[in-house]
Every structure is written in C-alpha cells, then in structure tokens.
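Colleague: Before I ask anything, let me first share the structure, which is written out below as structure tokens.
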Amino acid sequence: QDIRDLSRHLCLPTWDLPAQACLASRFPYGSPITPAKLRQVASAEQALHELGLREVRVRHYGDLARVEVPVAELSRLAGELREAVVAALQAAGFIYVTLDLQGFRSGSMNEALPRAGGASR
C-alpha cells in the first residue's frame, strides 16, 4: 500500500494498476517455459488489456489458452468481446481459446498441486 500511496502522490499513471505476477506463473508446473511462450502470453494479455479488460490472466497450455477475468466480466467476455478475444489470442499464436468460468483468482495454477496430507484433487 505504501508503494501505491507514494506512486499516487507522485502522479504516476501506474499507481492503481492491478498487481501483476511474473509471466512464468501462467504455465502449469513442469511445463517448459521459453522466451517465445512468454512473449505469446504477454502479447495475449496486452491485447486483452487493449480491449478494456483491466484484470486478466492468460494461462498457457500449449495450443490452448485458458483466460481468467473477474467473475463480473465473464458475461462481457463471452458476449460482446468474444470474437475480438478469440481473434486476439489466435493472433498471439493460440489455436484454442477457453474461458475459465471460475473467474480470475491469483495462484490458480496451484490448484493442480496435491493437497497437504497426500490427498489430491
């Protein structure tokens, strides 16, 4: 919060941007991460930001992109923005575009990890 407050005081345009995790967090554990794949995710997310989506994650599963946005944005993404989103992600190099109906959640890639105590999902 101190950084945001200081940034706002200094009139920096980024003071209220959503937190952004490292692009490596967009890949399933154990998946090879290459500069080309990182550029693909960055390009896809930038395109979605340009469509007016403020908080978005594009999860990389090879040819498939799993898009996460806040639940309040799901209908907009599946409705009025659907064609533009598909075109943008295909332009970024994905063949298949999916929308995660659970919505945006930080750390969603951790959901595939075994739970404590040995039980897995």
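Colleague: Within the range 9-69, report the trypsin sites (Lys or Arg not before Pro) that DSSP leaves as loop and that have at most 14 other Cβ atoms within 10 Å.
Modeller: Arg54
Colleague: To the nearest 20 Debye, how big is the dipole of the chain about its Cα centre, given +1 on the beta carbon of each Lys and Arg and -1 on that of each Asp and Glu?
Modeller: 340
Colleague: Right, something else. Considering only DSSP beta bridges where both residues belong to the chain, give the percentage that are antiparallel (nearest 5).
Modeller: 55
Colleague: Sticking with this one: Hey, what number do you get for the chain at 222 nm if only DSSP H runs of n ≥ 4 count, each worth -39500 (n - 2.57), divided across all residues, to the nearest 500?
Modeller: It comes out at -9500 deg cm²/dmol, rounded to the nearest 500.
Colleague: Can you give me the accessible area per residue for the chain, using a 1.4 Å probe, in Å²?
Modeller: I get 62 Å² per residue for this part.
Colleague: Using +1 on the beta carbon of Lys and Arg, -1 on that of Asp and Glu, and nothing else charged, what's the dipole of the range 1-61 about the Cα centre, debye to 20?
Modeller: Rounded to the nearest 20 debye, it is 280 debye.
Colleague: At 20 angstrom or more along the helix axis (alpha-carbon based) and mean Kyte-Doolittle of -1.0 or higher, what helices does the chain contain? Whole DSSP H runs only.
Modeller: Flagged H segments are 35-50.
The values are calculated or read from the model by the stated rules, or taken from the named source; none is laboratory data. Given the structure is predicted, the values throughout are model-derived calculations rather than measurements. Because the Cβ atoms are built from the backbone with ideal geometry, glycine has one as well, and the counts that use them run over all protein chains shown. Note: accessible area is taken over every heavy atom of the protein model, side chains too, but ligands, DNA and RNA are not part of it. Shrake-Rupley method; radii C 1.70, N 1.55, O 1.52, S 1.80 Å.
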